[in-house]
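A short worksheet on the structure shown next.
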Amino acid sequence: MRIVGGSLRGLKLAEMGAGDAAAHLRPTTDRVRESIFNLLVNGTHGNPVPGARALDLFSGTGALGLEALSRGAAHATFVDDGAKAQALIRSNVAKARMEGAATLLRQDAARLGANRDAPFDLVFLDPPYAQGLGERAIASALAGGWLAPGAVVVWEESRPPLIPAPLVQIDQRRYGDTLVTLARLATAQAGT
């Protein structure tokens, strides 16, 4: 696995083979990551990456958050509760020399609780497939104030996710077994 674009393009990330099924690690392939960022950069919804605060839920290796940092995000917070994932993320953040732009949280992405920091503009959601964890994580993020108005959510799943209001689907593409759905959080309602 390598960073596919931006200032860190070509950076080789920590080896983990084909993944770690026991730890539910299934890294996003370089091809799918490149497709995701092409959708973000070239979509009709505007490029949300430059200057963004990115939240990488079920971050695994941290490749999505690091890709965002490589392409101009201001900060990335990585959330994963697995010991192997934590070690991989720490290693990859160090390889990228992005310690000052990264926060690592060891907690269950489906039970975030209240956000104690600024909300996030860009959210990557790559849960173990077909377990409903993505729906629980996004509900937790919305309830805890983790998403900024207008935030873009990039959701990887094997099937179409159940997108809760106030998120609105803006794009959806299939890449092999992976279905990538882009959604945007509604901005403040008129009159509020």
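General observations
- Pairs where the first residue, in segment 126-146, is under 18 Å from A85 (Cβ atoms) and the second is in a helix (DSSP H, G or I), C-beta under 8 Å, 6+ apart: D126/L64; P127/L133; P127/G134; P127/A137
- Cβ pairs under 8 Å, 6+ apart, first in segment 40-67 and touching a residue at least 60 places away in the same chain (Cβ under 8 Å), second polar (S, T, N, Q) and part of a helix (DSSP H, G or I): T61/N92; A63/N92; L66/N92
- Qualifying residue in segment 91-103 (condition: under 24 Å from L11 (Cβ atoms), crowded, with 21+ Cβ neighbours inside 10 Å and among the acidic types (D, E)): no
- Candidate set from segment 68-79 (those that are within 20 Å of E34 (Cβ to Cβ) and touching a residue at least 40 places away in the same chain (Cβ under 8 Å)); member that is surrounded by the most Cβ atoms within 10 Å (Cβ to Cβ): A68
- Which numbered condition R90 misses (of (1) at pLDDT 95 or above; (2) assigned to a loop (DSSP other than H, G, I, E, B); (3) out of contact with any Asp or Glu (no Cβ under 7 Å at 6 or more places or on another chain); (4) not hydrophobic (A, V, I, L, M, F, W, C)): (2)
- Only one entry in T61, T44 is at pLDDT below 95 and buried (at least 22 other Cβ atoms within 10 Å of the Cβ), namely T61.
- Scan segment 129-144 for residues that are assigned to a loop (DSSP other than H, G, I, E, B), hydroxyl-bearing (S, T, Y) and out of contact with any strand residue (DSSP E or B) (no Cβ under 7 Å at 6 or more places or on another chain) and the total you get is 0.
- Single residue of A102, A183, A110 found to be farther than 22 Å from N47 by Cα, at pLDDT 95 or above and touching a helix residue (DSSP H, G or I) at 6+ places or on another chain (Cβ under 9 Å): A110
The values are calculated or read from the model by the stated rules, or taken from the named source; none is laboratory data. Keep in mind that this is a model prediction, so the values were computed, not measured. No Cβ is skipped: glycine too gets one built from the backbone with ideal geometry, and neighbour counts run over all protein chains shown.
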